[in-house]
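Student: Got a structure for you, written out below as structure tokens; questions coming shortly.
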Amino acid sequence: MSDSATANRPASNAPSAGLLEGIVQAEGYKYGFITDVETEDAPPGLNEDTVRFISAKKGEPAWLLEWRLKAFRRWQTMAPPDWAKLDIAPIDYQAASYYSAPKAASGPKSLDEVDPELLKTYEKLGIPLGERAALAGVAVDAVFDSVSVATTFKDKLADLGIIFCSFGEAVREHPELVRRYLGSVVPQGDNFFAALNSAVFSDGSFVYVPAGVRCPMELSTYFRINAAKTGQFERTLLVADRGAYVSYLEGCTAPQRDENQLHAAVVELVALEDAEIKYATVQNWYPGDENGKGGIYNFVTKRGACRGARSKISWAQVETGSAITWKYPSCLLEGEGSTGAFYSVAITNNRQQADTGTKMIHIGRDTSSTVISKGISAGRGQNTYRGQVKVLSNADGARNYTQCDSLLIGKRCGAHTVPYIDVRHPGAKVEHEATTSKISEDQMFYCQQRGLTAEDALSLIVNGFCKEVLNELPMEFAVEAQKLLAVSLEGSVG
Amino acid sequence: MSKLLEIRGLRARIANGREVLKGIDLDVAAGEVHAIMGPNGAGKSTLSSVLAGKPGYEVTGGTVRYLGQDLLAMPADERAREGVFLAFQYPVEIPGVNNMYFLRAALNAGRRQRGQAELDAQQFLKAVRERLKLLDIGDDLLRRAVNVGFSGGEKKRNEIFQMAMLEPNLAILDETDSGLDIDALRAVSDGVNRLRDPARAIVMITHYQRLLDYIVPDRVHVLADGRIVASGDKTFAAELERTGYAYLGDAA
């Protein structure tokens, strides 16, 4: 699964109306509402002027504009990857607008200054910012479209020297840190979507945890796509200095749309010596209607570098949304004795397609990695686990354990497992286990005979199937995720 | 009260297959224990499946009244919540689902149906401890996933424990004795005997007479070729043990 294999091909993004085709009413999506907020959008289209417009809007320094332009020029030479088992209508990258910001973007100093419409949106999502943060002890850096509108708990974190802010703010306040680490894990030309993101990224989150500091709370960000026809290009950079610890939660949900929406995010994690990063995601973007129309296209590059000895990075994800998911949160195990982990639940229902997995690259000595993937397919969903384990020739004592389980609900869905194992060290221990099972009628009947409804029975069985992954999520997320699994599978049993 | 369960002329077949039940008549009153015996293939397990509402069977005739209601009109989960419990011959494994969690979900589903308040964690634990004591079983099964890695005896004990927790009006025990050694059989039977109750009817389905040495029934029925061909009191079972089912085949 070489991301760069397609880089030498000429760009051939023939314009197509595919992106705008699906004008559909899908009433089933709980979070399908659109907030009416005036936006200041970039005109549709993508060229160097667009990149300059975005950079200027954000008041960025010259080095960052140059960095974006370099990415853009690289992107123009690239073609979208075609190795995933995904059926994607051609995307017209010139039809989308690449910047949208709430109009009063001068930066609110408190919740009182936040547009009430935005706050209502959060309420519909069940995320009353202040209360939720106070009750759960979670700091929230809420991203609404492209500009961060509210940040809480900042002072408490600042006392510990922890920086948790929007990416834009980090560029202004901590340019040396951003400059040192930006693109150091996912280079601008890493792949087609990462290059696109590098050119036009809107905003995102920045976290720096100084040496020896254990972040006392879960850091949480809620992403929300809102403005029509606006691609969303989040950029997240998280650095844990020597001996630091941080747990980061990312949850996403988006309003109902009548066309596919492009999303290409990049997340970079850096763990220095003895540092530990836990990164958890619940992804619940609009998946499209039962015919697959209107859902989010989700092309994400997430990668963490275990730079220092004994550093640890763990990815946990629950992927239930999006029409298309293309996502391989990965670990570069550079430091001696460093550890990478990937825990994933991916659900595809109706016409959803997911091609997701991980890359564990063993570079240093005594590195170890664990991969636990649970794929659930229902309806006509297609679910592919694609994972690479690579052990380089100097990685003495490298170990990997991979377990991929697939669960099928119904007869029209598909589950696929595509492992790539590339071992260049004779002493490496690499284990791969894979199972595929169907939810049995016996299991369903057993639960129903004890009084559970068909929906509750299915939810129980599926949650049991995903247990090892759900256990890796922070408690409040695990509860949310369990509910989400049930909602995602609604209507898949008769 | 009158009959808890009234079966009249019940006919059923395996979906798109042969007819297995060919006109069953059976009355069971609250407080009674009935044993249904018979050779393999007679329709014993089909009867328990049809009463519990298992998919894959088609009722082709007859009626079943349960507490005055039309049992066959209810979906399986509703029957369960209304107090029909089936102890499975082969209890099903549900990986990753904790036994206690499962049982609490089941118990509260029934309580909701009856308009009772759900039990919180503490109330539930208290109820669990009482039943464990009543049945004289340890709590080792509770921490594990539902039936996963259980021995045959553990699975059957878990079924009886679930029955104790759910307190059904009608308990159908499907070959609960199968696959048990004598100690396990005794333990399971003791549990069932402690759950005998004036308000509860128990229907035991078994191939072997030995179960009836431990759980003494009020009535014994012989099921052969889809019909109840003979019935009697508890002494009738011993008679069957001596003579076998063969003569009934001739009589039928």
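Student: Output wanted: per-residue J couplings in Hz (rounded whole) for region A:458-466, from phi through Karplus 6.51 cos²θ - 1.76 cosθ + 1.60, θ = phi - 60°, x for Gly and Pro.
Tutor: Karplus-based 3J(HN,Hα) across region A:458-466 equals 4, 4, 4, 5, 5, 4, x, 4, 8 Hz.
Student: Calculate, in nm to one decimal, what residue B:199 and residue B:114 gain on full extension: separation in residues at 0.36 nm each, minus their alpha carbon distance. If you can, show how the numbers build up before the last one.
Tutor: Details: separation 85, 0.36 × 85 = 30.60 nm, distance 1.64 nm.
Result for the pair: 29.0 nm of gain on full extension.
Student: Tell me, what is the FRET efficiency for residue B:235 and residue B:136 to the nearest 0.05, using R0 = 30 angstrom and their Cβ-Cβ distance as r?
Tutor: Values: r = 30 Å, r/R0 = 0.99.
The pair residue B:235/residue B:136 has a calculated efficiency of 0.50.
Student: Here's something else I'd like to know. Apply the Karplus curve 6.51 cos²θ - 1.76 cosθ + 1.60, θ = phi - 60°, to the phi angles in region A:401-412 and return the couplings in whole Hz, x for Gly and Pro.
Tutor: Karplus values, whole Hz, x for Gly and Pro: 10, 10, 9, 10, 10, 10, 10, 10, 10, x, 10, 9.
Student: Nearest 500 deg cm²/dmol is fine: what mean residue ellipticity at 222 nm does chain B get from its DSSP H runs of n ≥ 4 alone, each adding -39,500 (n - 2.57), divided by its residue count?
Tutor: The helix-only estimate for chain B comes to -11000 deg cm²/dmol at 222 nm.
Student: Calculate, for residue B:183 and residue A:174, the FRET efficiency according to 1/(1 + (r/R0)^6) with r their C-beta to C-beta distance and R0 56 Å; round to the nearest 0.05. Write out the running numbers ahead of the final one.
Tutor: Values: r = 70 Å, r/R0 = 1.26.
Using R0 = 56 Å, I get an efficiency of 0.20.
Student: Past the 34 angstrom mark, what percentage of all C-alpha to C-alpha distances in region B:3-251 do you count?
Tutor: It works out to 14 percent of all Cα pairs.
Student: Calculate the FRET efficiency for residue A:211 and residue A:440 from the Cβ-Cβ distance with a Förster distance of 45 Å, rounded to the nearest 0.05.
Tutor: About 0.30, to the nearest 0.05.
Student: Hey, another quick one. Arranged from highest to lowest average of other beta-carbon atoms within 10 Å per residue, in what order do the peptides B:10-17, B:208-215, B:221-228 appear?
Tutor: In descending order of packing, they fall as B:221-228, B:208-215, B:10-17.
Student: Still on this model: For labels at residue A:88 and residue A:403 in the simple 7 Å Cα→Cβ model, what's the distance in nm?
Tutor: 3.2 nm
Student: I'd like the mean, over residues of B:139-150, of how many other protein chain beta carbons sit within 10 Å of each residue's own Cβ.
Tutor: What the average comes to for B:139-150 is 1.
Student: Can you work out ³J(HN,Hα) from phi for every residue in region B:100-114, in order, using Karplus 6.51 cos²θ - 1.76 cosθ + 1.60 and θ = phi - 60°, giving whole Hz and x for Gly and Pro?
Tutor: Taking θ as phi minus 60°, the curve returns 5, 4, 4, 5, 5, 4, 5, 4, 6, 4, x, 5, 4, 4, 8 Hz for region B:100-114.
Student: I've got another one for you. Give me a single rounded figure for A:461-471: the average over its residues of other chain Cβ atoms within 10 Å of their Cβ.
Tutor: Whole-number average of other-chain Cβ neighbours for A:461-471 is 3.
Student: Per-residue Cβ counts within 10 Å, from other chains only, averaged over B:93-106: what number is that?
Tutor: 5
Student: Taking amide hydrogens as modeled 1.01 Å from N in the peptide plane, which residues meet the under 5 Å criterion relative to residue A:183, leaving out close sequence neighbours?
Tutor: Distant-sequence amide H within range of residue A:183: zero hits.
Student: Here is a further query. Hey, can you grab everything whose amide H is under 5 Å from the amide H of residue B:4? Only 5+ residues off in sequence or another chain; H modelled, so Pro and N-termini drop out.
Tutor: When sequence neighbours closer than 5 places are left aside, the close amide H contacts are B:28, B:29, B:30.
Student: Between residue A:483 and residue A:47, what is 0.36 nm times their sequence separation minus the Cα-Cα distance? Round to one decimal in nm.
Tutor: So the extension gain works out to 152.7 nm.
Student: Taking the alpha-carbon set of region A:356-494, what are its Rg and Dmax in Å?
Tutor: Rg then Dmax for region A:356-494, in Å: 17.8, 57.
Student: Provide the packing ranking of B:112-125, A:367-380, A:280-293, i.e. peptides ordered by the mean count of other C-beta atoms within 10 Å per residue, highest first.
Tutor: A:367-380, A:280-293, B:112-125
Student: Something else now. Could you bin all the Cα-Cα distances of region B:1-147 into 5 Å bins starting at 0 and give me the percent of pairs in each, rounded to whole numbers?
Tutor: Once binned at 5 Å, the Cα pair distances of region B:1-147 give 2, 8, 14, 18, 18, 15, 13, 9, 4, 0.
Student: For region A:304-450, what is the relative contact order in percent, using Cα pairs closer than 8 Å and at least 6 residues apart in sequence? If you can, show how the numbers build up before the last one.
Tutor: Details: 448 pairs, mean separation 28.3, N = 147.
Rounded, it is 19 percent for region A:304-450.
Student: Run the numbers on region A:368-494 and let me know its relative contact order in percent, using alpha-carbon pairs under 8 Å that are six or more apart.
Tutor: The value is 26 percent.
Student: Which of rounded, prolate, oblate describes region A:306-365, given a ≥ b ≥ c as roots of the alpha-carbon gyration tensor eigenvalues and a/c under 1.5 marking rounded, otherwise prolate only if a/b is larger than b/c?
Tutor: Prolate.
Student: What ranking do A:46, A:196 get, fewest neighbouring Cβ atoms within 10 angstrom at the top? Write out the running numbers ahead of the final one.
Tutor: Values: A:46 22, A:196 26.
Least to most surrounded, the residues fall as A:46, A:196.
Student: Treating the angle as unsigned and between 0 and 90°, give the value, to the nearest 10°, between the Cα long axis of helix B:234-243 and the longest Cα principal axis of chain B.
Tutor: For B:234-243 against chain B, the angle is about 60 degrees.
Student: Now, a different point. How much length would be gained if the chain were fully extended between residue A:155 and residue A:424, taking 0.36 nm per residue of separation minus their Cα-Cα distance, in nm to one decimal? Walk me through the numbers before you get to the answer.
Tutor: Details: separation 269, 0.36 × 269 = 96.84 nm, distance 4.82 nm.
Full-extension gain reported as 92.0 nm.
Student: Also: Taking amide hydrogens as modeled 1.01 Å from N in the peptide plane, which residues meet the under 5 Å criterion relative to residue B:228, leaving out close sequence neighbours?
Tutor: The answer is B:25.
Quick note: the coordinates plus some simple rules give every number you see, no bench work behind them. The shown structure was predicted, so the numbers you read here are calculated from the model rather than taken from an experiment. All Cβ positions, even for glycine, are placed from backbone atoms using ideal geometry, and neighbour counts span all protein chains on display.
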